[in-house]
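What follows is calculated from the coordinates using simple rules that are stated; it is not laboratory data. None of the values given here were measured: they were computed from a predicted structure. Cβ: placed from backbone, ideal geometry, glycine included. Neighbour counts: every protein chain shown.
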Amino acid sequence: MLSPLTPDIVLTTVRACGNEDGYRFWLSRLSLQRCSAQTARLAVPDYFHREQIENRFGGALRSAFNRLGYKAKIIVDALSAPLPPERASREARAAVDARAAQDLSPSGLRVRELPMFYAGNMREPVDLDDFVEGLLLAKSLNLIYGAPKTGKTFFVVDLGLHVATGREWRDRAVDRGGVLYLALEGNVGIRNRVNAWLQRHGASGEDVPFAIVPVSLDLLHGDGDVEAVIASARRPAADFGVPIRLIVIDTLSRALAGGDENGPDMGLLVRAADQIREATGAAIILIHHPRKDGSGGERGHGSLRGALDMRIEVKRDEGGEIATVRVIEARDIESGAAFPFRLEVVDLGKNRRGKPITSCVAIPADAAEVEPRGPKVTGAAEIARTALANRLATEGQPVSLDGIPSNLPTVSVEAWRQEANRCGISTGGDEAQRKAFQRATEKLCGMKLACIRDGLAWMP
């Protein structure tokens with residue numbers, strides 16, 4: 001005998017089926033408008049797109065009916081506020097036309113319904129969903145890069161745990177949410193860093209939705225691991241009742257799983273990141289390395305930079321204790337923000353041999369603590385540096401070329417050379433001036449006080 005189809009029974013079964021997929025938080029917000037042996041109409045919050053609704057709830061509802069012994073046609077709708085009278089008939093006609101079309105293209109293939117917003121719906125300003133005030137936006141793709149030993153992972157862990165606890169970060173408001181850290185280079189170090197942060201900040205960790213995935217992943221070949229990341233990202237919502245806010249991929253190179261970061265494989269990785277953030281609504285931070293030639297910027301194909309919402313660089317002077325995180329460029333927030341920090345050692349206990357186990361925590365550094373960058377420049381190098389600064393101030397223009405920061409002014413190396421000669425880089429003839437300029441530019445580039453690429457020069 002079949003089970004009765006009452007809304008309470010169906011919803012209870014839906015939630016039981018949905019819990020298997022980790023949807024507990026969202027399923028608690030469902031209501032059932034109508035159900036019969038032929039049709040079920042499920043109402044869900046109107047902030048979901050239709051594809052999200054089908055993915056999150058359609059499967060659970062079908063499983064529920066199968067479990068109860070029924071084969072029903074499932075109709076999933078989003079609740080919406082009543083339309084103004086002047087729009088009701090127009091919207092009704094559009095809905096009828098859409099239903100009649102049955103989402104089919106002229107070729108007979110099913111096409112995805114794209115969300116559209118008309119100008120009349122855009123009169124109200126849209127508040128950016130910056131869950132870390134003025135820094136991280138929902139569904140954004142962000143890159144943080146820096147040389148080894150600069151402390152970039154400590155910085156990201158600190159930022160992520162502030163999100164997971166909802167604590168204010170550097171005087172910026174934070175909206176609490178789940179954080180998924182994909183530790184593709186191993187988990188021992190990252191676990192100790194999380195432990196050190198919790199100890200340093202007096203947090204128990206019991207109610208902190210910060211999760212580590214300590215396995216290798218392949219986000220390049222096929223969608224298997226992409227779907228696994230999406231499914232894992234939904235678990236904090238189910239386990240803690242909070243939305244997933246941030247997904248960290250540490251590192252980009254490991255996520256490529258042997259792919260070529262300087263070729264089209266980078267575009268495929270960007271596509272995978274887009275799938276993850278569209279499905280979860282979370283921001284993504286990719287941790288990466290800088291160019292090996294010291295010319296500035298991150299490694300890899302230019303398709304990555306074009307897809308980014310924010311690009312962040314971490315630098316530390318050789319032998320210095322203070323590192324600086326700087327927003328190099330950003331789309332919807334202000335670029336140029338700098339966050340100096342130092343690492344503080346935290347004692348975590350003793351190992352099996354009785355020796356101390358320690359890790360570090362990123363602690364904000366005062367501006368006064370930031371040491372002057374680089375050694376003193378003298379002689380021809382100082383003249384060349386002044387000459388470059390003069391030309392950049394009077395003629396410098398940003399360019400959009402791979403490997404050159406798009407937010408910094410550049411001049412041609414030839415214009416720089418002419419200005420250096422005018423400033424007196426050498427009192428000798430043409431050959432002496434040429435050699436003096438060459439030695440000076442090599443020194444400045446080696447000290448990372450100037451950069452040259454494709455016949456252009458700039459100051460980092």
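Residues whose amide H falls under 5 Å from that of THR251, counting only those 5 or more places apart or on a different chain, are LEU184, GLU185, with hydrogens built in the peptide plane. Within the shell of other residues whose beta carbon sits under 14 angstrom from the beta carbon of ILE328, the net charge comes to +2, with Lys and Arg scored +1 and Asp and Glu -1. Between the alpha-carbon centres of the range 292-345 and the range 198-248 there is a gap of 24 Å. Each of LYS139 and ASP171 was given a label point 7 Å from its Cα along the Cα-to-Cβ line. The distance between the two points is 3.2 nm. The residues HIS162, HIS201, when put in order of fewest to most other Cβ atoms within 10 Å, stand as HIS201, HIS162. Neighbours of ALA164 by Cβ distance under 13 Å: Lys/Arg scored +1, Asp/Glu scored -1, total -2.
With 27 Å as the limit, the listed pairs LYS152/LYS435; LYS149/LYS443; LYS149/LYS350 have LYS152/LYS435 beyond it between alpha carbons. Just to verify a number: FRET efficiency for SER216 and ASN192, C-beta to C-beta distance, R0 = 35 Å, to 0.05? E between SER216 and ASN192, to the nearest 0.05, is 0.95. Couplings 3J(HN,Hα) for the range 273-282, derived from phi with the Karplus relation 6.51 cos²θ - 1.76 cosθ + 1.60 (θ = phi - 60°), are 4, 4, 4, 5, 6, 5, 6, 9, x, 8 Hz, where x marks Gly and Pro.
A straight chain from CYS423 to MET459 at 0.36 nm per residue would run longer than the Cα-Cα distance by 11.1 nm. Note on LYS355 and GLU185: with the Förster distance fixed at 25 Å, the Cβ-Cβ geometry gives a FRET efficiency of about 0.55. Rounded to whole numbers, the Karplus 3J(HN,Hα) couplings from phi for the range 192-205 are 5, 5, 5, 4, 4, 5, 4, 5, 5, 9, x, 9, 6, x Hz, using 6.51 cos²θ - 1.76 cosθ + 1.60 with θ = phi - 60°, and x at Gly and Pro.
Ordering ASP332, ASP250, ASP130, ASP239 by the number of other Cβ atoms within 10 Å of each residue's own Cβ, fewest first, gives ASP332, ASP239, ASP130, ASP250. Counting neighbouring beta carbons within 10 Å and listing from fewest to most, the residues ILE144, ILE357 come out as ILE357, ILE144. Take the Cβ atoms of GLU382 and SER412, set R0 to 25 Å, and the FRET efficiency comes out at 0.75.
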